[in-house]
Amino acid sequence: MFKFGRKKKEEAREKPAATEDSQAVVAETGSPPPVESPVPAQPDPIENAAAVHPPAEAPEPAPAPAPQEPLKKRLAKPRAGFGDRLKSLFSFKRKLDDELFEELETLLLTSDVGAETTMQILDELTAGVKRKELQDGDAVMAKLRSQLTELLQPCQSHLTVNEANRPHVILVVGVNGAGKTTTMGKLALRFGRQGKNVMMAAGDTFRAAAVEQLKTWGERTSTPVIAQDIGADSASVIFDAVQSAQSRACDILLADTAGRLHTQSNLMEELKKVKRVIGKLDDTAPHEVLLVIDGATGQNAISQAEQFHQAVNLTGIVITKLDGSAKGGVLFALARKLGLPIRLIGVGEKAEDLRDFNAAEFVDALMPNDAV
């Protein structure tokens, strides 16, 4: 357990103090102390939760996941919005002229592929037509499939856990409504199925439903959750959670944060503070900073990613709710603009619908199967 010494008072000014009121989901919590006034460290906040949740030393793997549905089925809406329209565009053996490529431009833009990415794609396609390398609709479709896959391939990077880090701290950030809390719950279930000892921190203390939602996921996955009252300081909650995870030798700590508009500088400063506080207990942490983006956000996703990356140095992106969007092209714009790793995509409500991102599989799920 971390303790402050007289010589470390200056260093501790940013560090939120562990509180007696911080408890696991099975205990009532009190109001948090002032963040800037450090006090001696307290007993493990989840000590009394051991009778409810599995002991940290011997986690039981969760039941095996249900079989996944084909990605093409889960992406039926974006497939209809993009793939079916694309097939219709090239039907009837249309001539490869300016009119056709103008319609293709409109399709790409309205699918959230982005202006710069669209221009890059069209320039390559029209150049191929002029060189007579692409002589019909089938050839153009094949080239387009290759282009889209090449755009996404460098960003394909699965979420991994370094066993040398204990706990491996994953900080989850994003705007309100993007799906951060649900993503955390699904990750807790995934890691539990791998036999990992997981803990979660309810750092979204500004939205009452977020804490309760995370507690529900904790009960469902037998995962301890560190929480305080609504309105508590997020950094204080996560500080307590890191201490608890260290003392119990947890493998993974999933830390939620309050949803915030990326345009509000004061809230982004608070997020920077959360990251600094984690680093006070482990100078290598957080080991992963995941930005969760709603797939229906459109081009605003680019601005979100840029601002959050500038504030907390993102290590990966999770794109959620792709099953409910008729577009899905924002992944291509993100890949070209930022090149950040795309760790996971969410294509449904079930835990199995949070999937590792695979570039070729994703493009194949969007494109029409047969020739035009």
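For the pair Glu105 and Ala80, how long in nm is the line joining their label points, each one 7 Å along Cα→Cβ?
Between Glu105 and Ala80, the label points sit 2.9 nm apart.
May I ask you to derive the FRET efficiency for Gln310 and Ala115 from their Cβ-Cβ distance with R0 = 25 Å, giving the value to the nearest 0.05? Mind dumping the intermediate values first?
Details: r = 22 Å, r/R0 = 0.87.
It comes out at approximately 0.70.
Please arrange Lys132, Lys275 by counting, for each residue, the other beta carbons lying within 10 Å of its beta carbon, fewest first. Show your work: numbers first, answer last.
Details: Lys132 7, Lys275 21.
Ascending number of Cβ neighbours within 10 Å: Lys132, Lys275.
Since every read-out is calculated from the coordinates, none of them should be taken as a lab result. Model, not experiment: these values are computed from the prediction. So basically every Cβ, Gly included, is an ideal-geometry build from the backbone, and we count neighbours across all protein chains shown.
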